[in-house]
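Peer 1: First the structure, which I've put down as C-alpha cells, then a few questions once you've had a look.
The values are calculated or read from the model by the stated rules, or taken from the named source; none is laboratory data. Since the structure is predicted, the reported quantities are computational estimates derived from the model, not experimental observations. Glycine gets a Cβ as well: all are built from the backbone with ideal geometry, and neighbour counts include every protein chain shown. With ligands, DNA and RNA removed, areas are computed over all heavy atoms of the protein, side chains included. Shrake-Rupley method; radii C 1.70, N 1.55, O 1.52, S 1.80 Å.
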Amino acid sequence: MLGPETPAPDAVPHHDPVAPFLVLHVNDICNAECAHCVVASGPRRRGHLPRAAACAAIEEAAADPAFRMVVFSGGETFIYLAEILELCRRAHGAGLQTRLISNGYWGRTPRHAAGLLERVSEGGCDELAISLDMFHLPYVQPERVKNVWLGAHLASALPKLVFTIAIPPTPASLLPAPMPDAREWPQGVIDVLKHYSFELERCLSVDEATKYFKATPRAERQSRRDALLRDRVIVSWQTVVNGGRASRELHDVFAEPTLSGALAVPCNVAGHQVTVASNGRLFPCCSSWSNFADRSFGVVDGPGSFTDGLDVLRRSAAVRAIREYGPGRLAERLSQQDSSLPRAYSDICHVCQELLQRYDIAQLDAEAHFLFDGTETP
C-alpha cells in the first residue's frame, strides 16, 4: 500500500543501478503463449524488428562507452536463429558481449541440442539463457529443456548456459526451502527444478557460480567454465511481474497486493535496460513499458535514430525518478489528485503499468521534476 509510510526520496533504500545494456526484441512470434509473458508473445504475433534498425542500435550502443552487452529476446529467438547470429557477430565485432534468451523447444535430443549449442557459440553468442517454469509447461516439454543441458556434455563448444526460472510472488512459492549442502532456495524454484528432473545437488545459483569463477586462476577459467557448465546446472530466478498478458491471465497470482511503502524501492534497470521493441520503438526497460507504443522515446529506423532516442530517454526526469526513487513516489503524488489510481500494487512493474495507462511522458516528467526540485515544470 502506498501511503504515509512510503519513505521520502532521501530516505529510499539505495539500490545500485545495473550497468546499461541493450535489449533487442527481434521478433514477437513464439511457439509458446505463456500466461506470464509481459510482452504477450505468441504464435499469432508477427512483429519483426527490421535488420537496419537492429544494426543501427547495435552499432550506436557499441559506440557509447556505457554499453557492454546486447541481449536478444522476443518472442522465441531460435525461430530466426540465422538472423540472430548474424547480429551477434556484428555485436561481437563492435566489442559487445551477447546474450540470447530461448525456451529450449529445440532440444529434441541431447545430440541435436549439442549441435545447436556449438552453432550459437561459434556464431558469437556468449551466454544462452533458457527459460523454464510452470508457465512454459503447456508448450515446451520438460525433456527438451533437460536435453539442452545434456547436450552441453556432448558439445565441443558452448556459450555460458543459464537456466532462468520465473516463480509466482506468493508466500508459498517464495518460502525458503532446504537444498543440498545446507543451502536454501525458494520453494517455487525447487519445485520447477524437480518437475524438469534436474538433480538439486547439481544446481548452482548464478552467484555461486560467479564466486567459483572469481576464485579460479585466470589462465584456467575457460577450461573450468566449460567443465562446470557440463557438470552443474546454473540457475537464476525472478518473480513474475504484473504486466502484459500476466495482468489479464494471472489474477489469482496477484490477488493479494504485496508492495508496501517499505518495499517501494528504486527500479535499478529503468533507463539502463534500454529496449528496442520489434516495432523499432525505444523504451527504458523491457517490461510493462514496452507495451505502450505511445510512451516510447523515439523510433529506431536508421543511422543516428538510436542515439537520438537514447538522448531523449536520458533526459527524462520520470525515468530518472523511477530509477532513483521508484515509481511508487510518482504514484503517491499523482494519487492525491487522481482517485482512479490503485492504492495497492503487486510489484513496481505493476505501478509503472498503471501510471503509463493514465499519463504520457510529459505529464510524468512534470511530476518527477517536482520530486527533484519542487517545481511543477522543468
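Peer 1: Restricted to Cα positions, what overall size does the chain have along the principal axes? Three whole-Å values, descending.
Peer 2: So the three principal-axis extents are 61, 50, 45 Å.
Peer 1: Something else now. With θ set to phi - 60° and the Karplus curve 6.51 cos²θ - 1.76 cosθ + 1.60, what are the ³J(HN,Hα) couplings of the range 147-158 in order, to the nearest whole Hz, using x for Gly and Pro?
Peer 2: Working through the residues one at a time gives 5, 4, 5, 4, x, 4, 5, 9, 6, 7, 8, 8 Hz.
Peer 1: Here's another thing I want to ask about it. Restricted to Cα positions, what overall size does the range 189-287 have along the principal axes? Three whole-Å values, descending.
Peer 2: Per principal axis, max minus min of the Cα coordinates gives 46, 33, 33 Å.
Peer 1: To continue, here is another question. On a 0 to 90° scale, report how tilted helix 221-231 is relative to the longest principal axis of the chain, with both axes built from alpha carbons and the result rounded to the nearest 10.
Peer 2: So the inclination is approximately 80 degrees.
Peer 1: Give me the 1.4 Å probe accessible area per residue for the chain, excluding ligands and nucleic acids, in Å².
Peer 2: That works out to 43 Å² for each residue.
Peer 1: Against the longest principal axis of the chain, how steep is helix 51-62, in degrees 0 to 90 to the nearest 10, with axes from Cα atoms?
Peer 2: Helix 51-62 sits roughly 80 degrees off the main axis of the chain.
Peer 1: Mind ranking 81-88, 315-322 by how tightly packed they are, going by the mean number of other C-beta atoms within 10 angstrom, highest first?
Peer 2: Working: 81-88: 19.1, 315-322: 22.2.
Highest to lowest by the protection proxy: 315-322, 81-88.
Peer 1: Would you compute, from DSSP H runs of 4+ residues alone, the mean residue ellipticity of the chain at 222 nm, taking -39500 (n - 2.57) per run and dividing by the full residue count, rounded to the nearest 500? Intermediate values should be presented prior to the final figure.
Peer 2: Values: 14 runs with 138 residues, N = 378.
Mean residue ellipticity at 222 nm (helix-derived): -10500 deg cm²/dmol.
Peer 1: Beyond 16 Å, what percent of the Cα pairs of the range 287-334 remain?
Peer 2: Cα-Cα pairs in the range 287-334 separated by more than 16 Å: 51 percent.
Peer 1: While we're looking at this one, here's another question. For the chain, what relative contact order do you get, as a whole percent, if you take Cα pairs closer than 8 Å and at least 6 residues apart? Kindly include the intermediate steps, with their values, before the conclusion.
Peer 2: Working: 762 pairs, mean separation 77.9, N = 378.
Worked out over the chain, it gives 21 percent.
Peer 1: Using per-residue counts of other Cβ atoms within 10 Å, averaged over each peptide, order 138-146, 240-248, 156-164, 212-220 from highest down. Write out the running numbers ahead of the final one.
Peer 2: Numbers: 138-146: 17.4, 240-248: 22.0, 156-164: 19.2, 212-220: 10.2.
Those peptides, ordered most packed to least, come out 240-248, 156-164, 138-146, 212-220.
Peer 1: At Tyr212 and Phe370, where each label point lies 7 Å from the Cα along Cα→Cβ, what is the point-to-point distance in nanometres?
Peer 2: Taking the two extended label points, one gets 5.2 nm.
Peer 1: Averaging over every viewing direction, what projected area does the convex hull of the Cα atoms of the range 93-182 cover, in nm²?
Peer 2: Details: hull surface 31.5 nm².
Reported value for the Cα convex hull: 7.9 nm².
Peer 1: Report, in cubic angstrom per residue, the convex hull volume of the C-alpha atoms of the range 277-378.
Peer 2: Details: hull volume 9.3 nm³, N = 102.
Convex hull of Cα atoms, per residue: 91 Å³.
Peer 1: Now, a different point. Regarding the range 195-352, what whole-number volume in Å³ per residue does the convex hull of its Cα atoms give? Please report the intermediate quantities before stating the final value.
Peer 2: Values: hull volume 31.8 nm³, N = 158.
Per-residue hull volume (Cα only) is 202 Å³.
Peer 1: Could you give me the ³J(HN,Hα) list for the range 294-303, computed from phi with Karplus coefficients 6.51, -1.76, 1.60 and θ = phi - 60°, whole Hz, x at Gly and Pro?
Peer 2: 7, 10, 8, 10, x, 10, 8, 9, x, x
Peer 1: Could you work out how much longer the chain between Ser156 and Ala82 gets when fully extended? Use 0.36 nm per residue separation minus the Cα distance between them, nm to one decimal.
Peer 2: Numbers: separation 74, 0.36 × 74 = 26.64 nm, distance 1.99 nm.
Between Ser156 and Ala82, full extension yields 24.7 nm more.
Peer 1: Further question on the same structure: Set the Förster distance to 30 Å, then compute FRET efficiency between Ser223 and Arg111 from the Cβ-Cβ distance, nearest 0.05.
Peer 2: Details: r = 23 Å, r/R0 = 0.77.
Efficiency at R0 = 30 Å is approximately 0.85.
Peer 1: Going by average Cβ density within 10 Å per residue, which order do the peptides 347-359, 61-73 take, highest to lowest?
Peer 2: On the way: 347-359: 22.4, 61-73: 18.4.
My ranking of the peptides, most packed first, is 347-359, 61-73.
Peer 1: Here's a follow-up. Roughly to the nearest percent, how much of the accessible area of the chain is carbon and sulfur, given a 1.4 Å probe?
Peer 2: Details: 8620 of 16430 Å².
Answer for the chain: carbon and sulfur cover 52 percent of the accessible area.
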